[in-house]
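A short worksheet on the structure shown next.
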Amino acid sequence: MSIDTEIKKLGKKDLINLLNFHHFQGRPIHAYVRNAKTQGSVILPFHVHSCTETTVHCTWEEGKTTEKDIHSLVLETIQIYDVHRPVRLEPIKFQLDFSGLSFDLPEEGVVSNTRRIARIPVQGVEVEILQFGMQYRGMLDDFSPESFRVRLEEKMNPALQWLNQEGPCTVIMRKEGEVIYSGTCTISRTRRQGRYRRILLSPLEPSIRRYRPRKYRSVRQILTPSPVARISHPISGKDLYLPVCDLSSTGVSVEESYHTSLLLPGMLIPELTIELANRTFVRCRAQVLYRKVVPENPKVLRCGLAFLDLSLEDQAGLSALLHPVQDPHTFVCNPVDTEELWQFFFESGFLYADKYDSIRLDKEEFKRTYEALYTRSPSISRYFIYREHGTLSAHMSMLRFYPRSWLIQHHAASKEGHPLAGVVVLKQVGTYVNEFHLHPSTRMDYVMCYFRPDNKFPNRVFGGVARYMNDPKRSSLDSFAYFHLTPDQGGEDCFYQLFPTQEEDLEVLQGMYERTSGGLLIDALDLFGGKESEEELNREYEEIGFQRERYFFSVHQNGVCQAIFMVVRSNAGLNLSNLTNCIHAFILEPERLEPKVLFHALQSMKRYFLKDRLPILVYPESYMRERNLPYEKTYTLWVLSMEATDDYFKALESIFKRPMHG
């Protein structure tokens, strides 16, 4: 890499302006002095007190000096850090004493830098150096992305003689107790100055890998006009305003001048915002991933940054910005006319006669729920829409209903619209999931979907994905018998006991499930998640005006747990088949549990619901089928682990014979 050294002169008027700026900002200037007796050199910081056309008066930075042999010190040069370059001047004459420093201004100063990048002075950054089991602590003196200097006090680091200049070391920087950088460095130079040892370090890593390698990565978009990235630099304390080269849902690349660059791979950015047309689309923490010279212009660097944790609100906003760039017909969480949405559900056949009959009595509550979901875009919900000539042609949504899982639902496509509109929204959902599941705020370890096996499209897609993977720990299918519990079922008296479910009951369920399925249902429903995560999700629903509750009960006979009921209550309409407002009955002893006990126990659960016909899902479905018990339909629960996203897209592409990501 060849960058020419820039040398230029700075006149007295400009020197005065620069010194006055340092006085205004309270920034120090640095005097390079030599001890006439020992010939040792030292750098002393001063604050400008006043500056005339001929003379500069300075005070000691700390108000006083710790230098005892002050009269033996000879001033050689003054260094002033400009915004971009260090300015060096050689005073005509000087006076240095315990009150401070005074010197006469020369006619000009020299703006020069033999380094490729100027190092900026730094305060308040602690540094820890680890090498071969030894630990050294000091402070950062100055910094650039290519080299930085650390000051180690010898009495605080008694083993400095063991610092091996030939070997690599790990450097950790902290500011106000927070880690702002860690990486592997080499020791370029060491120098003793009084009671300090100053170490010059150079980072070794031109790039870092934040996440595991993936074949299907976020698609980078070039936007016109280009947004601006505002980066709060953790070392300088200043905001950098850098043009955005490209933007994706997981990160951004920016350009900065080589000579003034400050971004270092591995550096943690406390706040990054992406701004466009006076609107902020992203506000989050970030980490610098790489730094490389632009081939066509070696004076410009391109740096990549990864978003560390986007809020759910920013995820929706960024998706709404980026998705239409690839396909202008696609929209994410944009406001929707709910009357148009309901009309679409009926006309597309999604709300067929039997399904509408099951929600008819609660239609007003359904309307209120959808008004809230589709006009306020709450954090628990995401919806994806395809519009053609302004007309709604396809829809799909997701709901965070379990602490670590999102429920994919309500996939519908118009019979009159684009023939692939339904596939496009499916692709949108997959892209969104792939891009945001890594963010902790998303709380997405699994996605799941209930579908009827006789429904060809979801069986082809979700069932096809599971069959393609052929690994139930990556994608699983489990069948439930679905029916509505009516008052006339379970009237016969029988003996059993109903208890709040204990962990040992869940362990029995887990053992039974592993033997019969070996899939992801237990984890996706977060049956062992604990009270804290459950209450946190309930509070999130409550804070945005929704309801969610979940209870577990165990049916015991003769001291043996024979079934577990998972009772879930929520607003009517969160799921149009009421699968978020029902009872899941897990049968642990299919051969021993009598149907009359099951139905009688289910009737006792109706106190949690204000309806006569209560949706019930029984697992395994074979319990109902083998005992010739009536049920309305079969629902299959599909679950996908987020560890298998690459395989998910491979499966979809084998099914549709077309790209299904991005």
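The values are calculated or read from the model by the stated rules, or taken from the named source; none is laboratory data. In this text, all values refer to a predicted model and were calculated from it rather than measured experimentally. Every residue, glycine as well, gets a Cβ built from its backbone with ideal geometry; the counts of neighbours run over all protein chains shown.
So, SER207, is that one among the hydroxyl-bearing types (Ser, Thr, Tyr) and within 20 Å of VAL125 (Cα to Cα) or not?
no
Can you confirm whether region 166-180 contains a residue that is among the charged types (D, E, K, R), touching a strand residue (DSSP E or B) at 6+ places or on another chain (Cβ under 9 Å), surrounded by 13 or more Cβ atoms within 10 Å (Cβ to Cβ) and not in a strand (DSSP E or B)?
No - not one qualifying residue is present in region 166-180.
Out of everything in region 449-490 that is among the hydroxyl-bearing types (Ser, Thr, Tyr) and touching a strand residue (DSSP E or B) at 6+ places or on another chain (Cβ under 6 Å), what residue ends up being farthest from TYR631 (Cα to Cα)?
SER475
Name every residue in region 533-550 that is polar (S, T, N, Q) and farther than 15 Å from LEU399 by Cα, in order of residue number.
SER533
In the list THR486, THR431, which residue meets the criterion of being modelled with pLDDT under 95, surrounded by fewer than 17 Cβ atoms within 10 Å (Cβ to Cβ) and on the phi < 0 side of the Ramachandran plot?
Exactly one of THR486, THR431 is modelled with pLDDT under 95, surrounded by fewer than 17 Cβ atoms within 10 Å (Cβ to Cβ) and on the phi < 0 side of the Ramachandran plot, namely THR486.
When the residues of region 491-521 are narrowed to those that are under 26 Å from ASN558 (Cα atoms) and aliphatic (A, V, I, L, M), which ends up surrounded by the most Cβ atoms within 10 Å (Cβ to Cβ)?
Result: LEU509.
For region 423-438, which positions are in contact with a helix residue (DSSP H, G or I) (Cβ under 7 Å, 6 or more places away or on another chain) and either farther than 27 Å from ARG548 by Cα or not aliphatic (A, V, I, L, M) (or both)?
Passing the criteria: VAL423, GLN428, GLY430, TYR432, ASN434, PHE436, HIS437.
State all residues of region 215-224 that are surrounded by 12 or more Cβ atoms within 10 Å (Cβ to Cβ) and either modelled with pLDDT of 90 or more or in contact with a Ser or Thr (Cβ under 7 Å, 6 or more places away or on another chain) (or both); if no residue qualifies, say none.
Of everything in region 215-224, those that are surrounded by 12 or more Cβ atoms within 10 Å (Cβ to Cβ) and either modelled with pLDDT of 90 or more or in contact with a Ser or Thr (Cβ under 7 Å, 6 or more places away or on another chain) (or both) turn out to be TYR216, SER218, VAL219, ARG220, GLN221, LEU223.
Table: residues versus (1) over 20 Å from HIS661 (Cβ atoms); (2) of a type outside the set (A, V, I, L, M); (3) not in a strand (DSSP E or B).
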site: VAL423; (1), (2), (3): no, no, yes
site: LYS427; (1), (2), (3): no, yes, yes
site: THR431; (1), (2), (3): no, yes, yes
site: ASN434; (1), (2), (3): no, yes, yes
site: CYS449; (1), (2), (3): no, yes, no
site: PRO458; (1), (2), (3): no, yes, yes
site: PHE462; (1), (2), (3): no, yes, yes
site: PRO472; (1), (2), (3): yes, yes, yes
site: SER476; (1), (2), (3): yes, yes, no
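Please find, among VAL179, VAL171, VAL228, the residue that is touching a Phe, Trp or Tyr at 6+ places or on another chain (Cβ under 8 Å) and under 18 Å from LEU272 (Cβ atoms).
VAL228
Taking the stated definitions as given, is GLY183 surrounded by 14 or more Cβ atoms within 10 Å (Cβ to Cβ), within 31 Å of the chain's Cα centre (by Cα) and part of a strand (DSSP E or B)?
yes
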